[in-house]
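The values are calculated or read from the model by the stated rules, or taken from the named source; none is laboratory data. Computed from a predicted model, the values in this text were never measured in an experiment. All Cβ positions, even for glycine, are placed from backbone atoms using ideal geometry, and neighbour counts span all protein chains on display. Protein only, heavy atoms only, side chains kept; ligands, DNA and RNA dropped before computing areas. Shrake-Rupley method; radii C 1.70, N 1.55, O 1.52, S 1.80 Å.
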Amino acid sequence: MADRSDLEARTRYDPTEVEPRIVERWLASGLFHPEPGGSPSENYSIAIPLPNVTGVLHMGHALNNSVQDCLIRYHRMRGQRTKWILGTDHAGIATQIQVERAVIAEGSSREQLGREAFVERVWRWRDDYGGQIIEQLKRLGASLDYEDERFTLDDAYARAVQYVFVTLFEKGYIYRDRYMVNWDPGEHSAISDLEVEDREATDTLYYIDYPLDAGSGAITVATVRPETMLADVAIAVHPDDERYARLLGEKAILPLVGRKLKIIADDYVKPEFGTGALKITPGHDPNDFEIGRRHGLPEIGVIGEDGRITDEAPERFRGLTVEQARDAVLAELREQGLIARTEPYTHEVPFSQRSGERIEPLISLQWFMRMDELAQPAIDVVKSGQVRFHPENYTRVYLNWMENIRPWCISRQLWWGHQIPVWYRGSPPTQEQYVGTEPPEGEGWERDPDVLDTWFSSGLFPFAALGWPEDTPALRAFYPTDVLLTGREIVFLWVARMIMLGIEFRGEIPFTDVYVHSIIQAPDGRRMSKSLGTGIDPLDLINGGPRPPVFEGGGDFPPYGADAVRWGMLAMSSAQDVRFSEERLAQGLQLTNKLWNAARLILLGVPSDVRAAPTPAAVEDRWILSRLERARAEINGRIDRFDFAHAVLGLYDFVYGELCDWYLELVKPRLRAGEPELQSTLLYVLTQTLAIAHPMIPFVTEEIYRYIPGTEGLLAAGLPDVPPVAVDERAEASVGRVIEAVQALRGWRDFAGVRAAATVPARLAAEGYEETGEHLARLARVSWAMGPDGAEPVASVPVPGGAVEILPSEDVDLGGAERRLAARRAKLHEEIDRAEGKLANRGFVDKAPAEVVQAERDKLQRLREELDSL
C-alpha cells in the first residue's frame with residue numbers, strides 16, 4: 001500500500017503525470033511476459049495485427065489496441081496465463097518506399113547503391129525508426145509482451161518463411177508462370193488483387209475502324225486505351241449478335257501495324273457496349289487474357305514493366321511512355337481517318353492502394369500459389385462454427401471470397417523482404433532450378449531476385465512468432481490463440497491466409513473468434529487522412545496537441561490521458577463506421593475524475609488498518625453490493641460477447657449513476673461517524689469497482705489501488721477470489737423507491753422555484769419507506785411533520801407507494817409555480833400545434849426521409865405526454 005499522506009493534497013487527477021509512471025511499474029514487474037506452461041484452459045493469447053516497423057500510431061491502432069488490451073487485461077485478471085504476442089512487420093513496399101525517398105533526397109538511388117548496400121541501409125533505417133510505434137503502444141497502456149518482440153525478417157522467422165515456401169513448392173502448390181498480374185507502375189512491382197481498389201474515372205471512348213481483310217468495309221471497335229491496340233490479336237463478338245454473324249471467321253487489318261486479326265465469337269462480349277465488337281488484347285487486359293487462353297491466341301506485350309513501349313510494337317513507337325504512345329497512336333488514326341467518333345465514358349478503373357498509380361495489367365513471369373487445396377479446410381472451419389466472425393455478417397463476406405478464390409501472386413519486384421529461396425543456373429531452355437532452405441552447392445547459381453509478398457510471411461505470425469517450426473514451450477502453451485481483432489480491410493489479406501496456413505502447417509485453426517472492429521471516421525464523415533486535414537494523432541489526444549483542420553474553431557485538444565482515449569475508443573466501437581466524437585473522450589475523462597474523487601472520499605475517511613470486506617449494516621449497503629454484482633455480470637458479459645461499447649457505458653452508469661450519485665450520498669453521515677462496518681464495505685465496493693473497470697481504464701484504477709489498505713502488488717495481476725455477494729432484490733426495490741422519490745421531489749422543487757438550501761416541511765403519505773425515510777428527507781431537503789398535523793398541503797408530489805404532501809412554508813411560492821406552469825403549458829400547446837401541422841402536410845410526410853418523419857412523430861408524442869403530466 002502506498003503512503004496516503006499525499007492523497008489529501010492530490011485534489012485533481014493528472015493523467016499526464018500518473019500514466020508514464022504506471023507504465024514503468026507494469027514493465028518492471030514482468031507481468032506482461034508470462035512463462036509458458038499450464039493447460040490450454042489456463043492460458044489466453046492474442047496475436048497483435050502486425051504494425052509496420054516504420055509506422056506510427058493512428059486512430060485505427062488506438063481503437064484496435066484498446067479493444068485487444070481490454071480483453072488481455074480482462075483474462076489476466078481472471079487468473080489466466082495471458083500472452084499478447086508482439087511483433088512488427090517488415091512491410092516490404094511501404095518501408096522500401098521510405099528509404100528510397102531518403103536515398104533520392106541525398107542525390108543517389110537504390111540502383112546506384114546496389115542491392116546489398118541498399119538492404120543494409122534499410123536495416124539501419126529500421127534500427128533508427130522501428131521502435132517508435134512500440135513506445136507509443138506503451139503510452140496507450142497496451143500490456144503486450146515487450147520482452148518477446150518479434151520481427152518478420154529476423155533470422156528465426158525467416159527460416160520459418162523459407163520452410164513454408166519450400167514445403168508448398170514440393171506439394172505443387174507454388175509454381176512459376178507467365179500470367180496476367182496487376183502491375184503497379186509506381187512501385188515497379190506486381191501486387192495482389194487485394195491491394196487494388198477500383199475508382200470511378202471518366203475517360204474518352206474512341207470508336208476505331210478496323211478495315212476488313214476482304215477489301216471493303218470495316219468493323220468498328222470501341223476502346224478507352226487506344227495505345228494497347230498495338231498488341232491486338234483478334235476481334236470478338238457475341239455468338240448471338242446477328243449484326244456480325246456473317247463476319248465470323250473473317251479477318252480484319254490492325255491499323256498502324258498491319259497484323260491480320262481473326263473475328264471470333266465469345267460469350268463474354270457484351271453486345272450493348274460500344275459497337276458490340278471487342279478488340280482482344282491478351283497482354284494488357286485481364287478479361288482479354290482469359291478470352292485469349294480459351295481461344296489459344298498469342299499474347300503480345302507492347303507495354304513493359306518500365307512503363308514504356310517495347311520492341312513488340314512498330315519501331316516508331318518504341319521507347320515512348322504510355323501517354324506519349326496514346327497521343328502518337330491517336331494522331332496517326334486521325335490522319336488516316338479511322339476514328340469514327342468519340343464520347344465520354346465513366347467506368348471503374350483499378351488503382352494501386354500502395355502507390356496510388358493506375359494499375360497496368362501485364363503478363364509477367366511471377367511466382368504463384370494455387371489456393372484451392374488450402375482454401376477448402378479454411379471454408380469448412382467457418383461453416384462448422386469452429387471459427388466465428390463478429391459481427392456475424394462477415395461470415396458470408398469471408399465465405400464468398402474464399403469460395404471464389406484465385407491463384408495468389410506471391411512474388412514482388414523489391415529488394416526489401418524475404419528473398420525467394422530459388423536459384424537458377426544456365427539459360428532457358430536448359431536452365432537448372434534449385435529450391436531449398438539452403439543455397440545449392442557448386443558454381444554458377446544465381447538467386448531469384450524477387451521477394452515474397454509481405455502477407456505471405458505475416459500469414460504465419462500466430463505460430464511463427466512462437467518459435468515454429470521448432471516445438472517450443474511457448475508454441476505449446478499459446479497456440480492456437482483465442483481471438484483475432486482486425487479491421488475489415490484485411491479480412492482477406494491477412495485473416496483468411498492465417499486460417500489457411502495455420503490449418504496447413506499446425507493442423508489447427510489459429511484462433512476461434514474474429515472480431516472485426518469499427519472504422520473511426522473524421523467528425524464530418526470523411527476518412528481520416530493527414531493529407532485531407534482529417535487525421536487525428538492519438539498522442540495529441542492523450543498528451544494534448546493541435547486539433548486538425550476538420551475541427552471548427554481549431555485550438556488544442558486538452559490532455560485527455562490514455563484512459564479517456566481508451567474509454568472513448570471503446571464507446572465508439574458500436575457500429576462498423578462511426579464518426580469520431582470528442583464528447584466520448586470528455587465522458588471518459590469525467591469518469592476517471594469521478595472515480596478518483598470517489599476514491600479520495602472513501603480512502604481519506606477510512607483508517608489504514610481497515611480491510612475490505614462486504615459487511616452490510618444498512619439497506620443501502622445491501623443495495624450497492626447487489627448493484628455491484630449486477631454491474632459485474634453485465635459488464636463482463638458484454639466483454640465476453642465483444643460488445644465493448646455497452647461494457648464501457650455500463651461502467652459509466654454504475655460509477656456515476658449508482659456508486660457516486662447515490663450510494664456515497666446516502667452514506668456520508670455514516671462515513672463521518674466512523675462506522676466500522678461501513679468502512680469495510682466501502683473499501684470492498686471500491687476495490688471490486690476498480691477490478692471491474694481496470695481492463696477499460698487501467699491507469700487510474702492502478703493508481704487508486706496503490707492506496708487501498710492491505711493491498712500488495714499490482715491490480716493488473718488480478719485480485720484474490722472472493723465469494724460473490726448475492727443479489728438482494730428487496731434492498732434494490734427499497735432504495736430504488738427512495739431514488740425515484742428524491743428525483744420526483746427535486747423535480748418539484750426546481751419547478752416551484754424553492755431555494756436550493758431551503759428545507760421544506762412535508763408529510764410522508766406513502767408506504768415502503770420504513771428503512772429509508774431519513775434518507776429521503778435528507779436528500780430531498782424536506783422535514784417530516786412530527787405527530788398529527790392538520791395543515792392542508794399546498795402541493796402533493798407523487799412518489800412510489802403514495803405521495804409526499806408539501807406543507808405551507810415561506811419557501812414555497814405557489815403563485816410563482818402556477819405562473820411557470822401556465823407558461824409551460826402554453827409553450828407546449830404552441831409546439832404541439834406546430835408539430836401537428838407539419839405532420840398534416842402531405843408534402844413533408846411524402847418527401848422527407850422516413851427517419852425525419854418518425855423523429856417528428858416521436859417529438860409530438862413526448863410533447864403530449866409532458867402536457868398530460870402537467
Which ³J(HN,Hα) values in Hz, rounded to whole numbers, follow from the phi angles of region 327-336 under the Karplus curve 6.51 cos²θ - 1.76 cosθ + 1.60, where θ = phi - 60° and Gly and Pro get x?
4, 5, 4, 4, 4, 5, 5, 5, 4, 8
Give me the accessible area per residue for region 443-590, probe 1.4 Å, as a whole number in Å².
35
Cα gyration tensor, region 711-754 - rounded (a/c under 1.5), prolate or oblate
oblate
If you fit an axis through the alpha-carbon atoms of helix 155-170 and take the longest principal axis of the Cα set of the chain, what angle between them do you get, 0 to 90°, nearest 10?
50
Determine the distance separating the Cα centre of region 581-610 from the Cα centre of region 93-150; give it in Å without decimals.
42
Report the semi-axes of the equivalent ellipsoid for region 755-870 in whole Å, largest first, where each axis is √(5λ) for an eigenvalue λ of the Cα gyration tensor.
42, 17, 11
Per residue, in Å², the accessible surface of region 268-403 once ligands and nucleic acids are set aside, probe 1.4 Å:
50
Stokes-Einstein D for region 22-140, Kirkwood Rh over Cα pairs, 4 °C, 1.567 mPa s (µm²/s)
78
Residue 838: which lysines have alpha carbons under 16 Å from its alpha carbon, excluding same-chain residues fewer than 8 sequence positions away?
847, 859
Where region 171-236 is the region considered: accessible area per residue in Å², 1.4 Å probe:
35
Please give the Cα centre distance for region 656-727 versus region 1-28, rounded to the nearest Å.
17
Taking Cα atoms, how many degrees apart are the long axis of helix 561-571 and the longest axis of the chain, rounded to 10 and kept between 0 and 90?
80
For the chain, give the share of DSSP beta bridges that are antiparallel, in percent and rounded to the nearest 5; count only bridges with both residues there.
70
For residue 213, which sequence-distant residues (separation of 5 or more, or a different chain) have an amide H within less than 5 Å of its own amide H, given hydrogens modelled in the peptide plane?
251, 252, 253
Going by average Cβ density within 10 Å per residue, which order do the peptides 140-146, 325-331 take, highest to lowest?
140-146, 325-331
How tilted is helix 92-105 with respect to the longest principal axis of the chain? Cα atoms for both, answer in degrees (0 to 90, nearest 10).
80
Sparsely packed trypsin sites (Lys or Arg not before Pro) within region 447-551, loop by DSSP, other Cβ within 10 Å at most 16:
526, 527, 530
May I ask you to evaluate 6.51 cos²θ - 1.76 cosθ + 1.60, the Karplus curve with θ = phi - 60°, for each residue of region 741-754 and list the ³J(HN,Hα) values in order in whole Hz, giving x for glycine and proline?
5, 4, 4, 5, 5, 5, x, 5, 4, 4, 5, 7, x, 6
Based on the alpha-carbon gyration tensor of region 640-688 and its eigenvalue square roots a ≥ b ≥ c, which shape applies: rounded if a/c is under 1.5, prolate if not and a/b is larger than b/c, or oblate?
oblate
Quick one: pull the percent of accessible area on region 708-858 belonging to carbon and sulfur, 1.4 Å probe, ligands and nucleic acids left out.
52
Can you run phi through the Karplus equation (6.51, -1.76, 1.60; θ = phi - 60°) for region 289-296 and list ³J(HN,Hα) in whole Hz, with x for Gly and Pro?
4, 5, 4, x, 5, 5, 9, x
Sorted by chain and then number, the residues having a modelled amide H within less than 5 Å of the amide H of residue 783, at least 5 places away or on another chain, are 760, 762
Quick check on packing: order 305-317, 702-714 by the mean number of other C-beta atoms within 10 Å, highest mean leading.
702-714, 305-317
Heavy-atom accessible surface of region 455-544: percent carbon and sulfur, 1.4 Å:
49
Scan around residue 362 for amide H atoms under 5 Å from its own, H built in the peptide plane at 1.01 Å from N, and keep only partners 5 or more places away or cross-chain.
181, 183
